[in-house]
Amino acid sequence: MAVMEKVTSSYKRTVRPVKNYSTAVNTTFGLSIRQIRDVDEIGQRVIVFTWVRMFWNDDYLQWNPDDYSGTTEIHLSSSEVWHPDIYLLNNGDFESDGRLLETTNIIVQNNGSMKWNFPQNFIFSCKMDMAYFPFDDQICMMEFGSWTYHGLHL
């Protein structure tokens, strides 16, 4: 597809997608818990199945639809394009580093709008106080953030 070749020919997936380096990549991150798979009181961990959604804009992945038969949207592999390096910071999985999986394509609009939806299991740590079991309440938080970009960049 000609539009894919045009937008990716000189694209660098390791470079933050802004033409002005002092501009932050405004990122929207959303998560919907679809299932609580396990609550491990002894290990102080929770396992959940989620749907993750992220939105941002890429200044380098833009084109005029009139030049490409009216094409306004393409799908690119998440391994081909820059995306926010969001990690589960309170990761409780000893076999994973908490990074998001690159299992689905990213939807790219001609104006540079990027949309990435994917399912993911998360195992996260949660300090639980079982002193009043079975009448206890637990509050568990998932903490997400970037390891490489500070708030002025992402």
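Computed quantities for the displayed model
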{"item": "Search result, residues across the range 25-39 that are surrounded by 14 or more Cβ atoms within 10 Å (Cβ to Cβ) and not aliphatic (A, V, I, L, M)", "result": "27, 29"}
{"item": "Scan of the range 38-91 for residues that are touching a residue at least 60 places away in the same chain (Cβ under 8 Å), of a type in the set (Phe, Trp, Tyr) and within 18 Å of residue 154 (Cα to Cα), ordered by number", "result": "55, 82, 87"}
{"item": "Selection count, the range 48-80, where residues are assigned to a loop (DSSP other than H, G, I, E, B) and on the phi < 0 side of the Ramachandran plot", "result": "12"}
{"item": "Test for residue 107: is it out of contact with any Lys or Arg (no Cβ under 7 Å at 6 or more places or on another chain) and under 29 Å from residue 12 (Cβ atoms)", "result": "no"}
{"item": "Residue within the range 26-41 that is modelled with pLDDT under 95, aliphatic (A, V, I, L, M) and either in a helix (DSSP H, G or I) or within 22 Å of the chain's Cα centre (by Cα) (or both) present", "result": "no"}
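The values are calculated or read from the model by the stated rules, or taken from the named source; none is laboratory data. All of these numbers come straight from a predicted model, not from anything done at the bench. Positions of Cβ are generated from backbone atoms using ideal geometry, with glycine treated the same way; all protein chains shown enter the neighbour counts.
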